1. Can you sort 101, 50, 1, 33 from fewest to most other Cβ atoms within 10 Å of each residue's own Cβ?
2. DSSP loop GluC sites (Glu not before Pro) in segment 1-48 with at most 14 other Cβ atoms within 10 Å of their Cβ, which ones?
3. Which value at 222 nm does the chain reach when only helices count, each DSSP H run of 4 or more adding -39,500 (n - 2.57), with the total divided by all residues and rounded to the nearest 500 deg cm²/dmol?
4. For the residues 128, 65, what sequence is obtained by ranking on other C-beta atoms within 10 Å, fewest first?
5. Could you please rank 23, 18, placing first whichever residue has the fewest other Cβ atoms within 10 Å of its Cβ?
6. Using alpha carbon centroids, what distance separates segment 1-36 and segment 41-101, in Å?
7. Loop-only check: which trypsin sites (Lys or Arg not before Pro) in segment 1-110 are DSSP coil with at most 10 other Cβ within 10 angstrom?
8. Starting from the Cα gyration tensor of the chain, take the square roots of the eigenvalues, sort them a ≥ b ≥ c, and report rounded, prolate or oblate (rounded when a/c is under 1.5, otherwise prolate if a/b is larger than b/c, else oblate).
Amino acid sequence: MIVRDLADAEASDRRVVSETWESTRLLLSSDQMGFSLHVTTIYPGTITSMWYRNHLEAVLCIEGEGEIQTVDDRKVHQIRPGVIYALDQHDQHILTARTQMRMVCVFNPPLIGKEVHDEDGAYPLEAEEVSD
Ligand code: 9YT
């Protein structure tokens with residue numbers, strides 16, 4: 001069994017900081033669960049474009065408010081605590097955070113460790129592992 005504490009993980013290199021968000025990766029590829037599990041904070045007043053070509057992602061909002069727009073059909077969905085979205089079509093999307101948002105995110109295939117978005121908002125399939 002794997003047991004990890006978010007507070008401990010936030011103080012380790014499991015915490016990855018980007019321009020509009022930071023994410024603490026509680027489960028990664030090395031845990032061999034078939035998915036990775038992250039707690040992500042989206043900074044207030046930010047807009048983030050993402051396009052996970054190589055991954056499927058599901059997201060549960062647990063704090064804050066914002067909206068997500070799918071680029072192909074321009075549909076906008078309001079995101080608040082209790083709402084999930086799942087990028088089952090590798091949907092290109094734009095997340096606008098009106099307040100700070102906290103999200104629980106699951107990725108398949110699992111992230112390896114230190115991934116940050118490339119210029120299209122995607123993660124590569126290879127990345128540096130975390131040290132523990
Ligand atoms: C909601 C979202 O996708 N934010 C970007 C960070 C990502 N969830 C991650 O790396 O944990």
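Values in this text are rule-based calculations from the coordinates and carry no lab data. All values reported here derive from a predicted model rather than from experimental measurement. All Cβ positions, even for glycine, are placed from backbone atoms using ideal geometry, and neighbour counts span all protein chains on display.
1. Working: 101 25, 50 19, 1 2, 33 14.
Placing the least packed residue first, the sequence is 1, 33, 50, 101.
2. 19
3. On the way: 1 runs with 5 residues, N = 132.
That comes out to -500 deg cm²/dmol.
4. Details: 128 10, 65 17.
Placing the least packed residue first, the sequence is 128, 65.
5. On the way: 23 20, 18 13.
Exposure proxy ranking, most exposed first: 18, 23.
6. Taking the Cα centre of each part, segment 1-36 and segment 41-101 sit 19 Å apart.
7. Details: sites: 4, 14, 15, 25, 53, 74, 75, 98, 102; in loops: 4, 14, 53, 74, 75, 98.
Of the trypsin sites (Lys or Arg not before Pro), the ones in loops of segment 1-110 whose Cβ has at most 10 other Cβ atoms within 10 Å are 74.
8. Values: a/c = 1.73, a/b = 1.39, b/c = 1.25.
It is prolate, given that a/c is not under 1.5 and a/b is the larger ratio.
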